[in-house]
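Just below is one structure, and these are the notes that go with it.
Throughout, read-outs are computed from the coordinates displayed, never taken from laboratory work. This is a predicted model, so every value here is computed, not measured. No Cβ is skipped: glycine too gets one built from the backbone with ideal geometry, and neighbour counts run over all protein chains shown.
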Amino acid sequence: MPNHSATDGLQLQHALDRMDQPTALYKDGEHAVYWLGVPEDTAFRSNIYLIRDGGHGLLVDPGSRHLFEQVYRRVAQIMPPDSLAGMIICHQDPDVAASMGQWLTVNPAMKVLTTPRNQVLLPHYDPPAYEFYDVEANPEYRLPSGRSLRFIPAPFLHFPGAFTTYHAAARLLFSGDIWAAIDLDWQLVVSSFAEHIPALDLFHTEYMASNLAARGFVQRLDGLPIDAILPQHGSLIGPAMVPEALEYLRQLRCGTDIIYAGLDQP
Ligand SMILES: [Fe+2]
Ligand SMILES: [Fe+2]
């Protein structure tokens, strides 16, 4: 059994958005989830995460090529970067996946956990050979401690092969571009969901396919306890605001709802 301490559990309230160290979002003995931060002050800020399960490390959405050095340094503050076991890639966009070749050069044994549709496109980044872990065929990933990750498809949000990762023990949802926000006035954790909506709208109305896709995804989450949503861009969403975040997706009008608003239903 892992050693529990007073600092175990979700720690979003105490999270620091310091750029010179990894920020622990969740801890339970030898198991932890970190936000690794990014160096640039941009409205389209990428969030990169590390799941550490003892000596087993998984990067979540490793990020762009130009972020590699920064992310490498952050990982090295936690565990040897060449010991990482894999990287989860929620879809093939360059802000998510372009550094995959750099990571595979650090450790060619890293698995790439993704969907077949993403896997078709990832070789276009010209990475060294790697082992593909198919998250559709194997939706449960068991960590050495016995904890597990569950991969939940998110079709057309925004890519057909997009998926999210649910960490059952920590009740965290790594949501990729879903609940991503574009905001210069950034803070690590959302403090007011109402004030966060314009930043969510900027991204979702343009990128997400339709209300049907959004509602369908929320239905897939039905019954899952979620304490925090960890998107690939913008602020993280803590426990008190998860219900509002789910309702935001249910109500979302986006993509084809807007572009083809004048067309009748068939
Ligand atoms: Fe994307
Ligand atoms: Fe993205």
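Please work out whether the stretch 135-266 counts as rounded, prolate or oblate from its C-alpha gyration tensor, where a ≥ b ≥ c are the square roots of the eigenvalues and a/c under 1.5 means rounded, while otherwise a/b larger than b/c means prolate and anything else oblate? In terms of gyration-tensor shape, oblate. Could you state the number of Å between the C-alpha centres of the stretch 182-230 and the stretch 17-89? Each part reduced to its Cα centre gives a spacing of 22 Å. Sorting the segments 105-112, 231-238 by their residues' average number of neighbouring beta-carbon atoms within 10 angstrom, most packed first, yields 231-238, 105-112.
Please report the relative contact order for the chain, taking Cα pairs under 8 Å with a sequence separation of at least 6, and give it as a percent rounded to a whole number. Before the final figure, lay out each step's value.
Numbers: 558 pairs, mean separation 38.1, N = 266.
Reported as a whole number, the value is 14 percent.
For the stretch 111-232, the relative contact order comes to 23 percent (Cα pairs under 8 Å, sequence separation of at least 6). Just for the chain, what percent of DSSP beta bridges are antiparallel, to the closest 5? In the chain, approximately 65 percent of DSSP beta bridges are antiparallel ones. Shape of the stretch 18-259 from its Cα gyration tensor (a ≥ b ≥ c, root eigenvalues): rounded if a/c is under 1.5, otherwise prolate when a/b > b/c, or oblate? Because its axes are fairly even, with a/c under 1.5, the stretch 18-259 counts as rounded. In this structure, the amide hydrogen of V60, modeled 1.01 Å from its nitrogen in the peptide plane, lies closer than 5 angstrom to those of Y49, L50, I51, I88, counting only residues at least 5 positions away or on a different chain. Other residues lying with their Cβ under 15 Å from the Cβ of M87 contribute a combined charge of -3, Lys and Arg counting +1, Asp and Glu -1.
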